[in-house]
Structure formats: structure tokens, C-alpha cells
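Engineer: Pasting in a structure now, in C-alpha cells, and then I'll have a few things to ask.
The values are calculated or read from the model by the stated rules, or taken from the named source; none is laboratory data. Predicted, not measured: the structure shown is a model, and the values here were computed from it. Glycine also receives a Cβ, built like all others from the backbone with ideal geometry; neighbour counts cover every protein chain displayed. The area values use the complete protein model at the heavy-atom level, side chains included, leaving out ligands, DNA and RNA. Shrake-Rupley method; radii C 1.70, N 1.55, O 1.52, S 1.80 Å.
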Amino acid sequence: MTRSRRPLIAGNWKMNGLRADALALAKAVADGVKRSSWGDREVLICPPAQLIGLVADAVRGSGVLVGGQDCHPAANGAHTGDISAEMLRDAGAGHVIVGHSERRTDCGETDAIVRAKAEAAWRAGLLPIVCIGETLAEREAGRTLAVLESQLKGSMPVGATAARLVVAYEPVWAIGTGKTPTTSEVAAAHAHIRRVLAGLTPDAGLVRLLYGGSVKGSNAAELLAAGDVDGALVGGASLKADEFLAIAKAAQSG
Ligand code: PGA
């Protein structure tokens with residue numbers, strides 16, 4: 001892992017968490033991070049939107065960052081049930097995940113929509129984590145790198161720089177399944193993403209690339225040590241403080 005790219009371990013709680021459990025989990029993560037001496041890694045948690053304020057208060061002063069899981073492209077308006085990047089920011093978020101495969105699949109989000117959401121994040125002063133990843137069918141057809149390239153080109157707003165963007169590579173077939181690509185497959189995907197980024201940003205070498213999909217305490221060190229991996233986007237394992245902290249710790253030594 002290159003030190004010029006600060007490791008980022010992001011927990012995506014997805015649609016999990018009621019106030020009491022969320023508070024306990026956030027506090028346990030904050031306590032673990034406060035007690036740690038893992039150097040320069042960043043630890044981010046992305047709870048469901050209604051918990052952002054509660055979680056932001058609970059982790060204040062610990063160094064733990066808080067983000068949203070999605071945002072609408074517009075700042076406000078007649079969009080029932082949606083939440084804007086400005087609202088996330090107002091609630092205490094500094095980051096937002098956009099283009100997660102569950103949103104692309106469940107909500108029909110296209111690359112153009114994802115790009116508009118990343119632009120909305122910038123407008124509100126949030127750092128977007130743009131997710132891309134191939135399905136199993138695409139992988140089996142040998143189309144992984146082509147799919148990553150086209151998703152990245154379609155989802156990246158013009159004007160992206162390393163300071164304004166994080167990219168997460170999440171193979172759809174690895175999310176929540178316990179399956180992961182080999183470290184050489186991860187490294188090949190990340191190297192390709194960085195090559196594509198070189199045509200899209202002035203400082204592609206500094207953009208942080210996260211791997212996501214079945215990361216847990218026991219496989220984190222290996223996955224994080226793969227070439228061009230600067231951190232992890234963690235789903236299921238981020239709901240257990242010990243597991244999530246073990247992954248954050250692995251990021252430091254990876
Ligand atoms: P998982 O989810 O860690 O449960 O596989 C990852 C993600 O969807 O970000």
C-alpha cells in the first residue's frame with residue numbers, strides 16, 4: 001500500500017440498525033479507534049440515513065468519520081422518500097457512497113445517475129465513494145475489465161481529483177456471498193481502474209481505490225496487501241465492532 005494514499009476502511013451498514021444497537025456499535029468502533037495506534041488510516045461508518053446524526057454525535061472526537069449510503073442528485077424538491085447530499089451533510093456526514101450495486105440493481109441506477117449523485121456530493125461538500133463492479137455473468141464472459149472501464153467512465157464526474165473522489169471496486173458476485181476474487185484478480189482490476197483513471201483525472205496515482213465484497217477480519221490483510229488496494233468497503237463485517245476493527249487494523253499493516 002502506498003503511503004501517499006491514506007488507507008480508508010469504510011463500513012456500509014446497509015439497511016441495518018435501530019437506535020440502541022447502532023449507538024452501541026458506533027461507540028464500540030469509536031472506542032477501538034481511539035485506543036488504537038494504527039497510524040494514518042481513516043475509519044468511516046455509513047449507517048442508514050436516520051441514524052447519521054446519532055452516530056455522528058456518538059463518535060465525535062474519536063476520529064471516526066461518518067457517511068451516507070446514497071443521495072439524490074437534487075438539493076431539495078418533490079422527491080418523496082429521497083435524501084439529498086445537503087441533508088446528509090447537515091446531519092453530520094462527510095462522505096457518501098454512490099452507485100453501490102444494490103442501488104444499481106434494486107433502483108435501476110445507471111452510470112449517468114451515479115455521476116449526477118457524485119456531482120451532488122461535491123455540491124454539498126461531501127466526498128463521494130463511487131462503486132463499480134462486474135456481475136458473475138460478466139466475469140464468466142471475460143468482460144470484467146471492459147465493464148469496469150465503461151462503468152468508471154460513465155459514473156465519474158468531470159473534474160474529479162484524488163482529493164474529491166474515492167473509487168470502490170466491488171464485484172457483485174462477491175458481495176455478501178463469502179466469495180472473493182484472488183488477490184491477483186483484485187490487483188489486476190485495480191491496476192486497470194487506475195489506468196482508466198489516468199485518462200480522467202490529473203492525479204490518478206493518488207486516487208484511493210477500495211476493494212469491497214466479503215471482506216472480513218480473517219481475509220483483510222491478504223486482500224489489502226494486493227497491488228493498488230488502498231482500503232476496503234465492508235458490508236456484513238462492519239456490523240460487528242471486533243471484526244470491523246480487525247479489518248481497520250489490517251489496513252495499517254497491509
Ligand atoms: P459485504 O458487502 O462485505 O457484506 O460483502 C460489501 C458491500 O456491499 O459494500
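Engineer: Taking only the alpha-carbon positions of the chain and ignoring solvent, what does the Debye formula give for the base-10 log of I(q)/I(0) at q = 0.07, 0.10 Å⁻¹?
Structural biologist: With one equal scatterer per Cα and no solvent, log10 I(q)/I(0) is -0.20, -0.42.
Engineer: What is the sum of charges around VAL64, taking Lys and Arg as +1, Asp and Glu as -1, for the other residues whose C-beta is under 13 Å from the C-beta of VAL64?
Structural biologist: +2
Engineer: So what is the accessible area of the stretch 1-138 per residue, in Å², with the probe set to 1.4 Å?
Structural biologist: Result: 44 Å² of accessible area for each residue.
Engineer: With every protein chain left in place, what is the accessible area per residue of the stretch 158-252 in square angstrom, probe 1.4 Å?
Structural biologist: 36 Å²
Engineer: Which residue, SER155, SER37, SER84, tops the fluctuation ranking in a GNM of the chain built on C-alpha contacts under 10 Å?
Structural biologist: Result for the chain, Cα springs under 10 Å: SER37 fluctuates most.
Engineer: Please compute, for the alpha-carbon atoms of the stretch 3-119, the extent along each of the three principal axes and give them in descending order in Å.
Structural biologist: Each principal axis gives a Cα extent; for the stretch 3-119 these are 43, 36, 24 Å.
Engineer: On to the next question. What net charge is computed for the residues neighbouring VAL166, neighbours being all others with C-beta under 12 Å from the C-beta of VAL166, Lys and Arg scored +1, Asp and Glu -1?
Structural biologist: With Lys, Arg at +1 and Asp, Glu at -1, the neighbours total +2.
Engineer: Then there is this: Order MET156, MET15, MET87 by their accessible area, 1.4 angstrom probe, all chains in place, largest first.
Structural biologist: So, going from the largest accessible area down, we get MET15, MET87, MET156.
Engineer: With all protein chains present, how much of the accessible area of the stretch 188-254 (probe radius 1.4 Å) comes from carbon and sulfur, to the nearest whole percent?
Structural biologist: Of the solvent-accessible surface of the stretch 188-254, carbon and sulfur hold 55 percent.
Engineer: So which of LYS14/LYS216; LYS34/LYS240; LYS14/LYS153; LYS34/LYS216; LYS27/LYS117; LYS14/LYS249 end up more than 24 Å apart, counting from Cα to Cα?
Structural biologist: LYS14/LYS153; LYS27/LYS117
Engineer: Looking at the stretch 41-97, what % of the alpha carbon pairs are farther apart than 12 Å?
Structural biologist: Roughly 61 percent, once rounded to a whole number.
Engineer: Counting Lys +1, Arg +1, Asp -1, Glu -1, what net charge surrounds ILE97 among other residues with beta carbon under 13 Å of its beta carbon?
Structural biologist: Net charge in that neighbourhood comes out at 0.
Engineer: Next question. What's the Kirkwood radius of the stretch 142-254 in Å, using all Cα pairs?
Structural biologist: 14.3 Å
Engineer: What's the long-distance tail for the stretch 81-229, i.e. % of Cα pairs beyond 27 Å?
Structural biologist: Tail of P(r) above 27 Å: 19 percent of Cα pairs.
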